[in-house]
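The values are calculated or read from the model by the stated rules, or taken from the named source; none is laboratory data. Computed from a predicted structure; not experimentally measured. Here the Cβ positions follow ideal geometry from the backbone for every residue, glycine too, while neighbour counts run over all protein chains shown. Just the protein is used for accessible areas: all its heavy atoms, side chains included, with ligands, DNA and RNA removed. Shrake-Rupley method; radii C 1.70, N 1.55, O 1.52, S 1.80 Å.
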Amino acid sequence: SHLCAGKCDCLENRSCIFNAEDIETHRHQCSQNCSMKCQLCDRICVNPNHFHSKENPSEPHLCGREHDCKAECSQTGHCEVLNTTSNDDTSNQISMQESRKLTCTKKI
């Protein structure tokens, strides 16, 4: 018994993990679970289907852990108002307000 010489159907640069005798009964794959990186961090995707992204291209690679959302806050209104004061050339004080959106605080 020896390993299949085929390359993984998902990651072509990796070798198949199955025995050559089983070539008729399996797809070439380099691991049992998905081996791609999570789309939100550097951990490995936890999907038990090695081919999930080939079978459903819109399905994301996720590690199963909670992540901070990196998007800008989508709530209406202002997240933060900054007040700044400066002097002009005539020594008059000028006050300005600047509003901005912050990063989302939700967990994914």
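Explain nothing, just the number: dipole magnitude of the range 42-82 about its Cα centre with +1 on each Lys and Arg Cβ and -1 on each Asp and Glu Cβ, in debye rounded to the nearest 20. Present the calculation step by step, with values, prior to reporting the outcome.
Numbers: 4 positive and 7 negative charges, 36 e Å.
For this selection, approximately 180 debye.
When only the heavy atoms of the protein chains count and the probe is 1.4 Å, how do 18, 51 rank by accessible area, highest first?
Numbers: 18 50, 51 10 Å².
Putting 18, 51 in descending order of accessible area: 18, 51.
With θ set to phi - 60° and the Karplus curve 6.51 cos²θ - 1.76 cosθ + 1.60, what are the ³J(HN,Hα) couplings of the range 28-37 in order, to the nearest whole Hz, using x for Gly and Pro?
Using θ = phi - 60°, the values come out as 5, 9, 8, 7, 6, 8, 4, 10, 7, 7 Hz.
Excluding residue 65 itself, calculate the net charge of residues whose Cβ lies under 12 Å from the Cβ of residue 65, where each Lys or Arg counts +1 and each Asp or Glu counts -1. Don't jump to the answer; show the numbers that get you there.
Values: positive: 43, 107; negative: 42, 66, 68.
Neighbourhood net charge equals -1.
Which value in nm describes the separation of the simple spin-label points at residue 65 and residue 14, placed 7 Å from the Cα toward the beta carbon?
Result for the modelled spin labels: 1.9 nm.
Which semi-axis lengths, in whole Å and largest first, follow from the square roots of five times the eigenvalues of the Cα gyration tensor of the chain? Numbers along the way, then the final one.
Working: eigenvalues 623, 36, 18 Å².
Working from the Cα gyration tensor, I get semi-axes of 56, 13, 10 Å.
Using θ = phi - 60° and the Karplus curve 6.51 cos²θ - 1.76 cosθ + 1.60, what whole-Hz ³J(HN,Hα) does each residue of the range 3-11 get, with Gly and Pro shown as x?
My calculation for the range 3-11 gives 5, 4, 8, x, 9, 4, 6, 9, 10 Hz in order.
Enumerate the lysines that residue 37 could reach by cross-link, defined here as Cα to Cα under 25 Å, with residues fewer than 8 away along the same chain left out.
7, 54, 70, 106, 107
With the dipole of the range 52-92 worked out from charges on the C-beta (+1 for Lys and Arg, -1 for Asp and Glu) around the Cα centre, which of 90, 67, 79 lies farthest toward the positive end?
67
Setting aside same-chain residues fewer than 8 positions from residue 101, which aspartates and glutamates have a Cα under 19 Å from its Cα?
Cross-link targets: 68, 72, 80.
Return a whole-number percent for the relative contact order of the chain, with Cα pairs under 8 Å and 6 or more residues apart as the contact set. Walk me through the intermediate numbers first.
Working: 187 pairs, mean separation 18.6, N = 108.
Rounded, it is 17 percent for the chain.
For the range 85-108, list residues with backbone N below 20 Å from a point placed 7 Å from the Cα of residue 78 toward its Cβ?
Once the point is set 7 Å along Cα→Cβ of residue 78, 85-87, 93-105 turn out to lie under 20 Å by backbone N, inside the range 85-108.
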